[in-house]
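Report on one structure; see the data block that follows.
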Amino acid sequence: MRKNRRKLKGSDGDDPMAMMANLFDVAMVFAVALMVALVVKFNMTEIFSQEDYTIVKNPGKENMEIITKEGETITKYKPSENQESNGQKGKRVGVAYELDNGEIIYVPE
């Protein structure tokens, strides 16, 4: 009986902060898993690649955004109201032609 009492008095299992540390670890693992799941769900894996890319969000609408990555630089372009002329936004920079074989040729002006 004395052996059992000594084991109970010397046990370190009564530390309430040990349980809090374990809960923090579980919360961090859950948060990282949630972020990875969102990136995969919305097909945003190209953000982490080394290649250059361009993303157009909401094409043709008022809240359209163009996000480009060139090297380490990520730029975000959002058309503003003062760029509007004749009801159209932007300016003409060239002409694209589609050939009979389906190839598209761009001719800058």
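Brief remarks on what is shown
- Residues (modelled with pLDDT of 80 or more and outside any strand (DSSP E or B)) located in the stretch 79-109: LEU99, ASP100, ASN101, GLY102, GLU103
- Test: residue in the stretch 59-67 that is at pLDDT 80 or above, charged (D, E, K, R) and not in a loop (DSSP other than H, G, I, E, B): yes
- Matching option when the condition is open to solvent by 90 Å² or more (accessible area, probe 1.4 Å) and either acidic (Asp, Glu) or modelled with pLDDT under 85 (or both), among ASP52, ASP15: ASP52
- Cβ pairs under 9 Å, 6+ apart, first in the stretch 95-109 and in contact (Cβ under 8 Å) with a residue 12 or more places away in the chain, second surrounded by 10 or more Cβ atoms within 10 Å (Cβ to Cβ): TYR106/VAL95; VAL107/VAL95; PRO108/VAL95; GLU109/VAL95
- Enumeration of residues in the stretch 30-49 that are part of a helix (DSSP H, G or I), open to solvent by 100 Å² or more (accessible area, probe 1.4 Å) and modelled with pLDDT of 80 or more: PHE30, MET35, LYS41
The values are calculated or read from the model by the stated rules, or taken from the named source; none is laboratory data. What you see is a predicted model, and the numbers here were worked out from it, not measured in a lab. Ideal geometry is used to build each Cβ from the backbone, glycine not excepted, and the neighbour counts take in all protein chains shown. Calculation scope for accessible area: heavy atoms of the full protein, side chains included, ligands and nucleic acids excluded. Shrake-Rupley method; radii C 1.70, N 1.55, O 1.52, S 1.80 Å.
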